[in-house]
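Novice: One structure, as structure tokens, below. Some questions next.
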Amino acid sequence: MRITVDLDESDLTEVSRLTGIKKKSPAVALAIQEFIRQKERELFLKKVLAGETDYALSNDELEAATKWDD
């Protein structure tokens, strides 16, 4: 979708620097995607800490399931 947005030039420069993407549109698109992922993680963490999730594995089971092979 195309939209017109007024952005501060220094913010746009920083987004480009942090993403490593020189073209403005792809850099902003990636920044938005990362923002969404971060907010979703924060919301999930809040639910976990509030006991609002129904995750069935114990801590030991979770660690065993996610253990990396060395």
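Novice: Considering Thr4, Thr19, which residue is surrounded by 10 or more Cβ atoms within 10 Å (Cβ to Cβ), modelled with pLDDT of 85 or more and of a type in the set (Val, Ile, Thr)? Explain how you work it out, then say what you get.
Specialist: On the way: Thr4 fails: surrounded by 10 or more Cβ atoms within 10 Å (Cβ to Cβ).
Every option except Thr19 fails the conditions.
Novice: Here is a further query. Can you list residue pairs whose Cβ atoms sit under 8 Å apart, with the first residue in the stretch 30-47 being under 19 Å from Gly20 (Cβ atoms) and the second being surrounded by 10 or more Cβ atoms within 10 Å (Cβ to Cβ) and of a type in the set (S, T, N, Q)? Count only pairs 6 or more apart in sequence or on different chains.
Specialist: Once the first residue is under 19 Å from Gly20 (Cβ atoms) and sits in the stretch 30-47, its partners that are surrounded by 10 or more Cβ atoms within 10 Å (Cβ to Cβ) and of a type in the set (S, T, N, Q) give Leu30/Thr19; Ala31/Thr19.
Novice: Out of all the residues in the stretch 16-58, which are in a loop (DSSP other than H, G, I, E, B) and within 30 Å of Arg2 (Cβ to Cβ)? Step through it out loud before you land on a result.
Specialist: Restricting attention to the stretch 16-58, the residues satisfying the condition of being in a loop (DSSP other than H, G, I, E, B) are 20-23, 50-58.
Those that are in a loop (DSSP other than H, G, I, E, B) and within 30 Å of Arg2 (Cβ to Cβ): Gly20, Ile21, Lys22, Lys23.
Novice: Only one residue in Thr4, Thr13 is assigned to a loop (DSSP other than H, G, I, E, B) and of a type in the set (Ser, Thr, Tyr), so which one is that?
Specialist: Thr4
Novice: When you look at Glu61, is it open to solvent by less than 100 Å² (accessible area, probe 1.4 Å) and either in a loop (DSSP other than H, G, I, E, B) or not hydroxyl-bearing (Ser, Thr, Tyr) (or both), yes or no?
Specialist: yes
Novice: Moving on. Please pick out the residue among Lys46, Lys24 that is in contact with a Leu (Cβ under 8 Å, 6 or more places away or on another chain), of a type in the set (Lys, Arg) and open to solvent by 100 Å² or more (accessible area, probe 1.4 Å).
Specialist: From the options Lys46, Lys24, the qualifying one is Lys24.
The values are calculated or read from the model by the stated rules, or taken from the named source; none is laboratory data. This one's a predicted model, so the numbers in the text were calculated from it and none came from an experiment. Glycine also receives a Cβ, built like all others from the backbone with ideal geometry; neighbour counts cover every protein chain displayed. Side chains included, ligands, DNA and RNA excluded: accessible areas come from the protein's heavy atoms. Shrake-Rupley method; radii C 1.70, N 1.55, O 1.52, S 1.80 Å.
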